[in-house]
Each structure stands twice: as C-alpha cells, then as structure tokens.
Amino acid sequence: MLAWALAFGGPTMIRDQETLNQLIDLIDRFVRERLVPAENLLAESGRLPDDILQEMKELGLFGLTIPEEYGGLGLTMEEEILVSIALGRTSPAFRSVMGTNNGIGSAAIVFSGTDAQKQKYLPKYASGEWISCFCLTEPDAGSDAASLKTTARREGDHYVINGTKRYITNAAVAHTFNVMARTNPSIKGARGISSFIVERDTPGISLGAIDKKMGQSGSMTCDVIFEDCKVPAENIIGEEGEGFITAMKVLDRGRLHISGVSVGVAERLIKDALDYAMQRKQFGQPIAEQQLIQAMLADSQTEAYAAKCMVLETARKRDSGENITLEAAACKLFATEMVGRVADRAVQIHGGAGYMAEYAVERFYRDVRLFRLYEGTSQIQQLVIARNMIKAAL
Ligand code: COS
C-alpha cells in the first residue's frame, strides 16, 4: 500500500479536487481489496488482524482529522464525511478502531487542549502509535450524561479520579482515556464536570471483561474502572467545569461522522441487495424485475441519497464556521434510522438467504443497530433538535 500521507504537504484543507479524488479512490480500493475480503475473519476472530491495522497506520487513516502540524491530514469536515462514506462500505468495526483517534478520542485536545498537550498526544494519535478513547458513559449515566458520578478530586498538583465508565470503545487497546469526571461535587449538573487525559499506565486503572455484543464484532468495548487514579493537574483539558461542554462539541462532530458512516453502510447494503436481486431468479426471471422488490430498492436508494445530501450540507456549514448542533442531531437521527430500514429491506430482498450468516447482510443487519444507540440515541437526537428549535424561537 502507498504511504500516500507523505504526499500531502501544503495547506490544512485538501480542497484540491484532484488530490481529494485520489484520497477517496485510494480508500475505496483499500476497502474493496483489503477490508471486504477480511470481513468474516474480523467477525469470527473478534479482533482486527495485525497486518490490516498496520496498513491502516501506513495509509495515514489514524490521523485524517488531526491538524497537519501534528502529523495528521487536517481534513475538513466535508472531506472527512466523504472518507467516512467510503469507509462505511465495509464492516463498521474496521473503522471503529481508528475512528476514535480521528474523532471522539482526540477531538477534545484539538478543540481545547494546551499546546503542550497537542504536542505530546496528537502526533502519536495521528500515526496510530497510540490509540485513544472517550469515557463519558457510566453504569448510571447514559442518555443523562450530565448526571455522571465519576469524581476528580484536586490534591495539590494532581487530580484523583474515582469511578466506573461503561461500554468504552477501544478501552482494551487504548493508550489514553479522555475521561469526563466531576470536579465540583456541589454542582450536580453539567457545570461541575471537567475533561482529562489519563494515560493507560497510570496506577489505579483496571478494565472489565470485553462486552459480548449483538454485532460489530472486532470493535471491543469494556468497563474502565478508576480507583484513586492520580492524574497530573496539567492533564485537564480546558478549564475546570468546561468538560461537559467540550464533550458536547466533540459529540456534535462525532454524530455527523456516524451519519456519514451510515450513508456508506447503506450504499454497501443497497449494492449487495441489488447484486442479489439481479442474479436470483424466481417466477422465471431475476427478482429485480419484480416491482415489489424494485420498490424496496428504490426507497433505499432515495433515502440513502437524502441522508448523503443532508450530511454533506451540514459538513459544509460546519466548515464555514456555523453552529451545527441541531443539524448534526438531525443527520444522526435520519441517517441512522435510514440505514436501519435499508438493512431490513436488504435482508428482505435476500429472503431466507438474508437470515444466513453466509450473506453479509445478516451481519450488517446486526451491526447497524448500534448506530441508533451510541453517541446519543435517536430519542436524544430528537430532544436536541427540539430544544434548539425552541431556543432559536425565543
Ligand atoms: N455544544 C456546546 N455546548 C453545549 C452543547 C453543544 N452541542 N450541548 C449542550 N451544551 C451546553 C449547554 O449550552 C449548557 O451550557 P450552560 O451551562 O452554559 O447553559 C450545558 O452544555 C449543559 O447542556 P444542557 O442543559 O442541554 O444539558 P442536559 O443535561 O439537559 O442535556 C443532553 C444534555 C441530553 C443533550 C446530553 O446529556 C446528551 O447529549 N446526552 C446523550 C449522551 C451521549 O450522546 N452519550 C453517548 C456517549 S459517547 S458513545
């Protein structure tokens, strides 16, 4: 594989259409030639094969969104969405490992980190030498993230962290944890929360067993338990009390990214369903000739196209500096629900074969269920959309 990242000097944004096309073509090829053939291996072994992990690093995939001055490619949001769509055309678990370095694992440092934090961590994330992860969810704080109970008590030049984080993607392979913890217990809500970088080898960290999940085998989640874990005070990201707000900004971006992945997965499912419908014959002709099958194909294509337009439009808005909290939630709501419907139709078009593990649609059907849950459920997206509508109308 080409170490194409080396070829990208120059400005932070690619913006040069030819270079961008080359990048997307390269990722398309990597997905088709390396990732799609390894989907079953990933699903069965539950872990990313080492050679593929290494190729992802060499391709620069861990640093797509990290600014160039820290060794990444500094893609714009629009460019990142095009990449997420391309990567979406294979098992989402492949993207999950490097997705956190590009997104929720590193974004807080990119947005609010000190120069020293950026210098220390971002180049390692960009090269894939270090994996990061995002620790917000807790056993008793899921949708109501601001109610989190993990504490960070200031003691001299350290904070002492105590608490349990749940379902943390990549925790098992992470070198750093971006931990949201309550620094001011007298403030029960969002303003009592701060954000920290915690390195894996800090004493007082233990991991739970790897969770057994419905799908996305190969993307590992587990609990992370902090017991009197002493973190240098300089590892706070931004100001005390700003951690929840930074986490919400991180999620605005993450939600848009997941929407792009949902579009890519939908495109893959549509392709698999169309291929199957064109070769499978019933009633003396390919089932693709049946109008009821055509309706399912057409609805899927239309909805995937609508989601793609929404996501790209929102990405362009964000690139031009607009607040996209409402739009990102709308994209996440529509795109993730859309891919759920598309996956259901893809199984339906396959008939009994769609229920068999031999066909990728069976696996994708389970994989996409997560999109409507993580980084905020569909119901939380509805809440964010409506709240922002009301705020704008006041
Ligand atoms: N960008 C910047 N600031 C934001 C923001 C955003 N997108 N969303 C909220 N904030 C700010 C608010 O403006 C408020 O700031 P002030 O203290 O200055 O008023 C603060 O954050 C608290 O916001 P809010 O009052 O809306 O918090 P709530 O607890 O009522 O609800 C929700 C916040 C429900 C939206 C939040 O908890 C959420 O997104 N939950 C889902 C969590 C999630 O996605 N988990 C997945 C984990 S990662 S896989």
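Quick notes on this one:
- Here the sum of -39500 (n - 2.57) over DSSP H runs of 4 or more residues, divided by the residues of the chain, equals -15500 deg cm²/dmol at 222 nm, to the nearest 500.
- Distance distribution P(r), the stretch 69-119, all Cα-Cα pairs, bin width 10 angstrom from 0: 21, 52, 23, 4 percent.
- When Phe371, Phe111 are compared by accessible area of protein heavy atoms, the largest-first order is Phe111, Phe371, using a 1.4 Å probe.
- Share of alpha-carbon pairs per 5 Å distance bin for the stretch 201-260, given as whole %: 4, 13, 12, 15, 23, 20, 11, 3
- Considered as an equivalent ellipsoid built on the Cα gyration tensor, the chain has semi-axes of 36, 23, 21 Å, the largest given first.
- The Cα-based radius of gyration of the stretch 127-230, divided by its Kirkwood radius, gives an Rg/Rh of 0.97.
- Within the chain, DSSP assigns beta bridges of which about 85% are antiparallel (rounded to the nearest 5).
- Rounded to 10°, Cα long-axis angle of helix 378-393 versus longest principal axis of the chain: 70
- Using θ = phi - 60° and Karplus 6.51 cos²θ - 1.76 cosθ + 1.60, couplings along the stretch 329-334 (whole Hz; Gly, Pro as x): 5, 5, 5, 4, 4, 6
- Estimated FRET transfer efficiency (Lys188, Glu55; beta-carbon r; R0 56 Å; 0.05): 0.75
- Solvent-accessible area of Leu41 with every protein chain in place, 1.4 Å probe, in Å² to the nearest 10: 90
- Dipole moment magnitude, nearest 20 debye, the stretch 3-102 about Cα centre, only Lys, Arg, Asp, Glu C-beta charged: 240
- Given a 1.4 Å probe and the protein chains as shown, Met278 ends up with an accessible area of around 120 Å².
- For the set Lys188/Lys213; Lys332/Lys391; Lys120/Lys213, the pairs lying more than 30 angstrom apart at their alpha carbons are Lys188/Lys213; Lys120/Lys213.
- Computed with a 1.4 Å probe on the full set of protein chains, the accessible area for Asp50 sits at about 100 Å².
- Amide H contacts for Thr114 (H built 1.01 Å from N in the peptide plane; partners 5 or more residues away or on another chain; cut-off under 5 Å): Gly238.
- On Cα atoms only, tilt of 92-102 relative to the major axis of the chain in degrees: 30
- Of the GluC sites (Glu not before Pro) in the stretch 297-361, the ones in a loop by DSSP (not H, G, I, E or B) with at most 14 other beta carbons within 10 Å are Glu322, Glu358.
- Distance from the Cα centroid of the stretch 126-202 to that of the stretch 309-379 is 28 Å (rounded to whole angstrom).
- Computed from phi, the 3J(HN,Hα) profile of the stretch 189-203 under the Karplus parametrisation 6.51, -1.76, 1.60 (θ = phi - 60°) reads x, 4, 6, x, 10, 10, 10, 10, 9, 10, 7, 4, 8, 5, x Hz, with x in place of Gly and Pro.
- Applying a DSSP loop filter and a limit of 14 other Cβ atoms within 10 Å to the chymotrypsin sites (Phe, Trp or Tyr not before Pro) in the stretch 266-334 leaves Phe283.
- In sequence order, calculated HN-Hα J values of the stretch 140-153 (Karplus, 6.51, -1.76, 1.60; Hz; x Gly/Pro): 10, 9, x, 4, 8, 4, 5, 8, 4, 10, 4, 10, 10, 9
- The order of Ile210, Ile270 by accessible area, most exposed first and with a 1.4 Å probe, is Ile210, Ile270.
- Among Ser96, Ile131, Asn323 the positive-end extreme of the charge dipole of the chain (Cβ point charges): Asn323
- Sequence-distant residues sharing a close amide H with Arg154 (under 5 Å, placed H): Val160
- Our summary gives the chain a relative contact order of 15 percent, counting only alpha carbon pairs under 8 angstrom and 6 or more residues apart.
- Size descriptors for the stretch 250-393 (Cα atoms only): Rg and Dmax, in that order, 17.0, 58 Å.
- Looking at the stretch 158-267, the GluC sites (Glu not before Pro) that sit in a DSSP loop and have at most 14 other Cβ atoms within 10 Å of their own Cβ are Glu239.
The values are calculated or read from the model by the stated rules, or taken from the named source; none is laboratory data. Because the structure is a prediction, the values reported are computed rather than measured. When we count neighbours, we look across all protein chains shown, and the Cβ atoms used for this are built from the backbone with ideal geometry, even at glycine. Surface areas here come from the heavy atoms of the whole protein model, side chains and all, with no ligands, DNA or RNA. Shrake-Rupley method; radii C 1.70, N 1.55, O 1.52, S 1.80 Å.
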